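Bear in mind that the values in this text are calculations on the coordinates, not laboratory data. The structure displayed is predicted, hence computed values, not measured ones. Heads up, the Cβs are rebuilt from the backbone with ideal geometry, glycines too, and the neighbour counts pull from every protein chain shown.
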């Protein structure tokens, strides 16, 4: 029988105006929200997530910071290991590396990688990241030493894999600590959670994977809701599901509470409410609705 847990509730941050994110972070740090998440794109008008989360970690003392998800194949592996270990250390272990492969051709072109190899590249990167975080040299070449600093979290920061493909779910069991499932309602997320748990057991991993759900939300006046839906449509514009994602965005306290309850029922350890409206007052509205 599956144990029902009371999930933590985090906030995904808007990307339209990086200057307001320190206000978002400080407000969230004064509430029970557990985590602040930030998405990653290259060819898009969003702030670079690791630099931004470092600033937010420095402006807070309690709340965790998390990439949702960092597109690792776009990054040089040794530098990524150094950046993430530094952020883990400077935040006092409050950093979670949500990671994925991405799927935008323009991002891959700008990063100089082959879009057809991004999954294999991520697998290779994870081997190297784990090696570096453990304090071992980058490779076995003579004279190559470790890449520091050592993360404060033993073995490196917590790693959550996002994605929908079978390979993404399998990476959780092979390399990760848990799964980040985005933009699907509880009844569709449930079988993915169960697949992750099955693969975890098949790989002989002890314990259980951490299961995190993400849902799009906005709370506020009608003009804020409209702008939030426009932001979702712009972000997912390359996909046929863009309009549907915008329409499914939750925009009332009752809808959001129902979604949190639904994800709780299927075993989510944390529910990330991804906010698409820039107004920092949403932090207080969401806190009032949920806590």
- Item | D (Stokes-Einstein, µm²/s), Kirkwood Cα radius, the chain, 0.890 mPa s at 25 °C | 127
- Using r as the Cβ-Cβ distance of residue 234 and residue 19, and R0 as 22 Å, what FRET efficiency do you calculate, to the nearest 0.05? 0.70
- Query: Between residue 55 and residue 130, 0.36 nm times their residue separation minus their Cα-Cα distance comes to what?
  - Reply: 24.5 nm
- Message: As an exercise, use a Förster radius of 45 Å and the Cβ-Cβ distance of residue 167 and residue 288 to find the FRET efficiency, rounded to the nearest 0.05.
- Response: 0.65
- Query: Cα-based Rg of segment 244-291 per 2.2 N^0.38 Å, rounded to two decimals?
  - Reply: 1.17
- Would you please put 106-112, 28-34 in order of how densely packed they are, using the mean number of other Cβ atoms within 10 angstrom per residue and starting with the highest? 28-34, 106-112
- Item | For segment 193-291, alpha-carbon Rg over 2.2 N^0.38 Å | 1.27
- Message: Could you tell me what a quarter of the Cα convex hull surface of segment 10-125 works out to, in nm² with one decimal place?
- Response: 6.8
- Query: So, in Å, what gap is there between the alpha-carbon centers of segment 178-223 and segment 84-98?
  - Reply: 22
- Report, in deg cm²/dmol and to the nearest 500, the calculated mean residue ellipticity at 222 nm for the chain, where each DSSP H run with n ≥ 4 adds -39500 (n - 2.57) and the sum is divided by the residue count. -13500 deg cm²/dmol
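For the chain, what proportion of DSSP beta bridges, expressed in % and rounded to the nearest 5, is antiparallel?
The answer is about 5 percent antiparallel.
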- Task: Taking the Cβ of each residue in 179, 291, 164, 193 as the centre, tally the other Cβ atoms inside 10 Å and list the residues starting with the fewest.
- Result: 291, 164, 193, 179
- Tell me, how many Å apart are the Cα centres for segment 135-169 and for segment 28-75? 19
- Task: Kindly rank 37-47, 88-98 from highest to lowest mean number of other beta carbons found within 10 Å of each residue.
- Result: 88-98, 37-47
- Task: May I ask for the Rg/Rh ratio of segment 90-236, computed from Cα atoms with Rh as the Kirkwood radius, given to two decimals?
- Result: 1.03
- Packing-based exposure ordering (other Cβ within 10 Å, fewest first) of 142, 68: 142, 68
